[in-house]
Amino acid sequence: MKMFSSIAFFNILLLMNVNASAVNKPVRINYKVTFPEAQAHYVNVEMNITNLTQKETDIKMPVWTPGSYLVREFAKNVEGFEAHADGHAIATVKINKNTWRVENGKATTIKITYRVYAFEVSVRTSFVDAASGFLSTSGIFMYPAAMLHEPSIIHIEPYKGWTTVSTSLEPVNKDPFTVYAPNFDILFDSPIQVGTQDVFGFNAAGIKYEVAMCGGGNYDKERLTKDMTQIIEEETSVFKENPNKRYLFIVHNYVKGGGGLEHLSSTVLGASREGYTNEANYQRFLSLVAHEHFHLWNVKRLRPIVLGPFDYDNENYTTNLWIAEGFTAYYDNLIIRRTNLYPADNYLAVLADDINSVENQPGVKIQSLSESSFDAWIKAYRPDENSGNTTISYYSKGSIIALLLDLEIIHNTKGAKCLDDVMKYMYDTYYKLKKRGYTDAEFKRGFEKFTGKNLDEFYSKYINGVNDIDYNGYLAYAGYKLTNELADKNDPYLGVKTTALNNGKIYITSVARNSPAWVDGLNVNDELIALDDTTLKDIKDVNKVVEAKKIGEIINVNLIRDGIKLVIPVTLLKNPQVKYKIVDADNLTPEQLAMRKKWLKLP
């Protein structure tokens, strides 16, 4: 009896161990990506999940992509969602806009299939045609709910004629068409380019770099290699380390292209196919390279605390995009200057353009920088006809705040420190040591540590307020000042922007806040017919008529609004636009020249 009991007890333990072993088996997730109808812009995805323990499995698709702060509703592009287990179809139901519930019951292995329509050209969305496939992964790959930490393997079967895969994900068994993602945060931060792209590489800052050129172009590989290497090494010198083993630039070349989106170990850039031989276009491209590459530190690792781990179902709000994006916008051109890829005068001209863009936007008096950051989700990526009157860019104004703080630090430390030291300190403290993002108050303390002063008033005026910026007070540290080339002008001003349709009709597209058009009641979508007795045949006619008038004169605007003819008298005012230029201050001191040398890395 005792022997029987012992054997029975042993068998029970053995059964429990077997069951525990089954329960503890890690979930495995594998994808197969095919393009049977690439010419029609479709991607087919097969997702296989094994070792499930629950009876219901929710499958989700992100609603946004990191680095682009807009809910894009990627699930809208999904078709034909189906689930199978043991070779049979199993029930599914869509329970919200981006979640499908799979009733897998006792099945521990399920296969999910769906198609994604991919026909939106941008650095943040997927685009597929017969020539190539760009997979912005957050809009392609679904994931099981509560399993963002799980690894996955992605196998790509290319469309006919496609020969190359470019991604920062590591290949499995040296197969470039099969790659591994340690978790979904990394998968969603690792775009994949498939096609016949031209790939070249180089080493910079001890790291292997690859450039995948898509769509052709008149680029010079040797020149790009030399110039990009300088940019990479100059940026690495700010943080004193490059956290990657390998980094990828995916460059989409179009007739007209631009923009970029940063990722953890790669970036996607848009460029003009034939623009590389134009020096101005080439410098803009290098600035874009510098901007997106600088993000591998600032934002991808040194980040606002809410930007990771991500909530892929909802907006992730932060008041600090003026640091994440604005400071990166400051450094992109400054890095180009430091590498001597263009002279100091070019840099000062770019800086003046940034100041002009901020000061000529009426919204600078309405929206603070912290508000601009927080409301990016509902305003920055959804501009309308009134956006210029109500918002300011956290890129452009943020870059100006970086300038002010850089000059303040250099001045207060007599050239011993600069903004670089703040960035490295914050990177070391929060990314490397604390292994988390920073709060607004923590970054403020970082600024104060290196400026050596309390910044409550600075924040109140320039970050959380809309006070006029004392540009000359800061530029004077380096012996510069602003001059307004339009200061002595007395040009009349209407205050509208217009567009002409193919049928020749001219419409108002925006009305500037407090302009004559604003005050006297011209509206967006008004069709302009004539100004006084001059019939308008072209957009240029609007400016010609206004320029011939004097400030204070009344001009009769003949228009059609919603099919009704109106004549609205408008009193012309002085044009408030500024056109600043950065020039030498008077009687430069040795201290100013020394600071200028430190700031602009002059010989």
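The values are calculated or read from the model by the stated rules, or taken from the named source; none is laboratory data. Since the structure is predicted, the reported quantities are computational estimates derived from the model, not experimental observations. Quick reminder, even Gly has a Cβ in these numbers, built from the backbone with ideal geometry, and neighbours come from all protein chains shown.
Any residue at all in segment 279-290 that is under 26 Å from Y438 (Cβ atoms) and basic (K, R)?
No, segment 279-290 contains no residue that is under 26 Å from Y438 (Cβ atoms) and basic (K, R).
Among the strands (runs of 3 or more DSSP E) lying completely within segment 93-137, list those that include at least 2 residues that are farther than 25 Å from S168 by Cα and over 31 Å from the mean Cα position of the chain (by Cα). Can you show your working first?
Details: elements: 99-103, 110-117, 119-122, 125-128, 133-135.
Passing ranges, in order: 99-103, 110-117.
If a residue must be under 15 Å from V583 (Cα atoms) and either among the charged types (D, E, K, R) or in contact with a Ser or Thr (Cβ under 9 Å, 6 or more places away or on another chain) (or both), how many such residues does segment 439-496 contain?
Qualifying residue count for the region: 3.
Say we look at segment 211-241 and pick out the residues that are in contact (Cβ under 8 Å) with a residue 60 or more places away in the chain and β-branched (V, I, T); which of these is farthest from H293 (Cα to Cα)?
Residue satisfying both the conditions and the ranking: V238.
Restricting attention to segment 226-236, which residues are surrounded by fewer than 17 Cβ atoms within 10 Å (Cβ to Cβ) and either over 24 Å from the mean Cα position of the chain (by Cα) or among the polar types (S, T, N, Q) (or both)?
Going residue by residue through segment 226-236, those that are surrounded by fewer than 17 Cβ atoms within 10 Å (Cβ to Cβ) are 226, 229, 233.
Within segment 226-236, K226, T229 qualify.
Given the options T109, T99, T137, T113, name the one that is in contact with a Lys or Arg (Cβ under 8 Å, 6 or more places away or on another chain) and not aromatic (F, W, Y).
Numbers: T109 fails: in contact with a Lys or Arg (Cβ under 8 Å, 6 or more places away or on another chain); T137 fails: in contact with a Lys or Arg (Cβ under 8 Å, 6 or more places away or on another chain); T113 fails: in contact with a Lys or Arg (Cβ under 8 Å, 6 or more places away or on another chain).
Selected residue: T99, the only one of T109, T99, T137, T113 that is in contact with a Lys or Arg (Cβ under 8 Å, 6 or more places away or on another chain) and not aromatic (F, W, Y).
Looking at (1) of a type in the set (K, R); (2) at pLDDT 95 or above; (3) under 43 Å from the mean Cα position of the chain (by Cα), which one does K565 not meet, given that it meets all the others?
(3)
Provide a single number: the residues in segment 527-559 that are in a loop (DSSP other than H, G, I, E, B) and β-branched (V, I, T).
If we filter segment 527-559 for residues that are in a loop (DSSP other than H, G, I, E, B), which is where we start, we get 532-533, 536-538, 548-553.
Next cut, β-branched (V, I, T) only: 551.
Residues flagged as in a loop (DSSP other than H, G, I, E, B) and β-branched (V, I, T) within segment 527-559 amount to 1.
Which residue pairs have Cβ atoms closer than 9 Å, lie 6 or more positions apart in sequence or on different chains, and pair a first residue in segment 450-477 that is under 23 Å from D584 (Cβ atoms) with a second residue that is part of a helix (DSSP H, G or I) and polar (S, T, N, Q)?
Hits for this filter: A476/Q592; Y477/Q592.
Does V43 meet the test of being part of a strand (DSSP E or B), surrounded by 15 or more Cβ atoms within 10 Å (Cβ to Cβ) and touching a Gly at 6+ places or on another chain (Cβ under 8 Å)? Walk me through it before giving the result.
On the way: part of a strand (DSSP E or B): yes; surrounded by 15 or more Cβ atoms within 10 Å (Cβ to Cβ): yes; touching a Gly at 6+ places or on another chain (Cβ under 8 Å): yes.
Taking the combined requirement at face value, the residue satisfies it.
Could you tell me whether V567 is touching a strand residue (DSSP E or B) at 6+ places or on another chain (Cβ under 9 Å), among the β-branched types (V, I, T) and in the same structural domain as I529 (by TED's automatic domain parsing)?
Numbers: touching a strand residue (DSSP E or B) at 6+ places or on another chain (Cβ under 9 Å): yes; among the β-branched types (V, I, T): yes; in the same structural domain as I529 (by TED's automatic domain parsing): yes.
So V567 passes the test.
Among the residues of segment 513-556, which ones are in contact (Cβ under 8 Å) with a residue 40 or more places away in the chain and among the β-branched types (V, I, T)?
V519, V524, I539, V542, V546, I551, I555, listed by residue number.
Would segment 170-184 turn up any residue that is in contact with a Gly (Cβ under 6 Å, 6 or more places away or on another chain) and either in a strand (DSSP E or B) or closer than 20 Å to Y254 by Cβ (or both)?
First, pick out the residues of segment 170-184 that are in contact with a Gly (Cβ under 6 Å, 6 or more places away or on another chain): none.
For segment 170-184, residues in contact with a Gly (Cβ under 6 Å, 6 or more places away or on another chain) and either in a strand (DSSP E or B) or closer than 20 Å to Y254 by Cβ (or both): absent.
Could you run through segment 73-97 and say how many residues are within 15 Å of M142 (Cα to Cα) and out of contact with any strand residue (DSSP E or B) (no Cβ under 6 Å at 6 or more places or on another chain)?
6
When you look at P569, is it within 28 Å of S357 (Cβ to Cβ) and in contact (Cβ under 8 Å) with a residue 12 or more places away in the chain, yes or no?
No.
Residues of segment 146-193 being within 22 Å of the chain's Cα centre (by Cα) and of a type in the set (A, V, I, L, M, F, W, C), which ones?
Answer for segment 146-193, where residues must be within 22 Å of the chain's Cα centre (by Cα) and of a type in the set (A, V, I, L, M, F, W, C): L169, F184, I186, L187, F188, I192.
Go through I59, I112, I90 for me and flag whichever is under 30 Å from R382 (Cα atoms), of a type in the set (A, V, I, L, M) and surrounded by 15 or more Cβ atoms within 10 Å (Cβ to Cβ).
Values: I112 fails: under 30 Å from R382 (Cα atoms); I90 fails: under 30 Å from R382 (Cα atoms).
Matching residue, one of I59, I112, I90: I59.
If you check G270, G275, G201, which single one turns out to be in a loop (DSSP other than H, G, I, E, B) and either free of Cβ contacts under 8 Å to residues at least 60 places away in the same chain or within 18 Å of the chain's Cα centre (by Cα) (or both)?
Values: G270 fails: in a loop (DSSP other than H, G, I, E, B); G201 fails: in a loop (DSSP other than H, G, I, E, B).
None of the others qualify; the one that does is G275.
Conditions first: (1) in a loop (DSSP other than H, G, I, E, B); (2) among the charged types (D, E, K, R); (3) under 18 Å from Y209 (Cα atoms). K256 passes all but one, so which condition is the exception?
With respect to (1) in a loop (DSSP other than H, G, I, E, B); (2) among the charged types (D, E, K, R); (3) under 18 Å from Y209 (Cα atoms), K256 is out only on (3).
What pairs can you find where one residue is in segment 339-365 and part of a helix (DSSP H, G or I), the other is surrounded by fewer than 19 Cβ atoms within 10 Å (Cβ to Cβ) and not β-branched (V, I, T), and their Cβ atoms are less than 6 Å apart, with a gap of 6+ or different chains?
Sorted first by the residue in segment 339-365, then by its partner, the pairs are A344/L600; A352/K581; P362/R513.
Which condition number in (1) at pLDDT 95 or above; (2) buried (at least 19 other Cβ atoms within 10 Å of the Cβ); (3) not charged (D, E, K, R); (4) not assigned by TED's automatic domain parsing to the domain that holds Y430 is the one that G257 fails?
Failing condition for G257: (1).
May I ask you to say which residue of K537, K497, K601, K581 is of a type outside the set (V, I, T), at positive phi and either exposed (fewer than 13 other Cβ atoms within 10 Å of the Cβ) or under 35 Å from the mean Cα position of the chain (by Cα) (or both)?
Details: K537 fails: at positive phi; K497 fails: at positive phi; K581 fails: at positive phi.
Of K537, K497, K601, K581, the one residue that is of a type outside the set (V, I, T), at positive phi and either exposed (fewer than 13 other Cβ atoms within 10 Å of the Cβ) or under 35 Å from the mean Cα position of the chain (by Cα) (or both) is K601.
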